Amino acid sequence: GAVNMVLCIPTADPRCTDWDAGYSLAEESHRIEATRWAMQELVERWRRAGFHHLKLAGFYYMTEQGSYNDGVSHAFPRLCKAHGLRSFAIPGITSSWITEFSRAGFDGVALQPSHAFWQPALRPRRYLLKCAGHIARHYG
């Protein structure tokens, strides 16, 4: 059978005010449209490539930090589903919105193991590793 593949979608940067002949990504709706365009472009390129042993399973949302009211992160799973694909994310272990990915409707969320072993200053040994364990147990 075919091997499932997940492609990364670069995050549209709100500081970009001159993308595609002056198109500003400062507005949230423009960032959502840029993400929609990127997905459509990748889906079309994938289709044209005609891979026989690879299957496009979904897209990975590259932003690790954010806020509960980030419209792009909430739109991302819907945009994936419009193509019949799944949505994935790997939020930072110290991200204040680590639970927001599931609320936004992402199909798969993973913890970053590399960050779980990082030793923050003024924290007990293995602090983040213990936090990662608690988070994993709580959210399954």
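The rows are residues; the columns are (1) of a type outside the set (Gly, Ala, Ser); (2) touching a Gly at 6+ places or on another chain (Cβ under 7 Å); (3) more than 26 Å from ARG103 (Cβ to Cβ); (4) touching a residue at least 12 places away in the same chain (Cβ under 8 Å).
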residue	(1), (2), (3), (4)
ALA2	no, no, yes, yes
MET5	yes, no, yes, yes
PRO10	yes, no, no, yes
TYR23	yes, no, yes, no
ALA26	no, no, no, yes
MET39	yes, no, no, yes
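With the structure loaded, tell me whether GLN119 is under 14 Å from the mean Cα position of the chain (by Cα), at pLDDT below 75 and more than 25 Å from GLU33 (Cα to Cα) or whether it fails that test. No: the conditions fail for GLN119.
Of all residues in the stretch 69-95, those being surrounded by fewer than 18 Cβ atoms within 10 Å (Cβ to Cβ) and modelled with pLDDT of 95 or more number 5. Restricting attention to the stretch 56-68 and to residues that are part of a loop (DSSP other than H, G, I, E, B) and in contact (Cβ under 8 Å) with a residue 40 or more places away in the chain, the residue that is surrounded by the most Cβ atoms within 10 Å (Cβ to Cβ) turns out to be THR63. Applying the criterion of being of a type in the set (D, E, K, R) and not in a helix (DSSP H, G or I) to the residues of the stretch 1-55, the residue that is surrounded by the fewest Cβ atoms within 10 Å (Cβ to Cβ) is ARG15.
The values are calculated or read from the model by the stated rules, or taken from the named source; none is laboratory data. Nothing here was measured: the structure is a model prediction, and the numbers come from that model. Backbone-built Cβ (ideal geometry, glycine too); neighbour counts: all protein chains shown.
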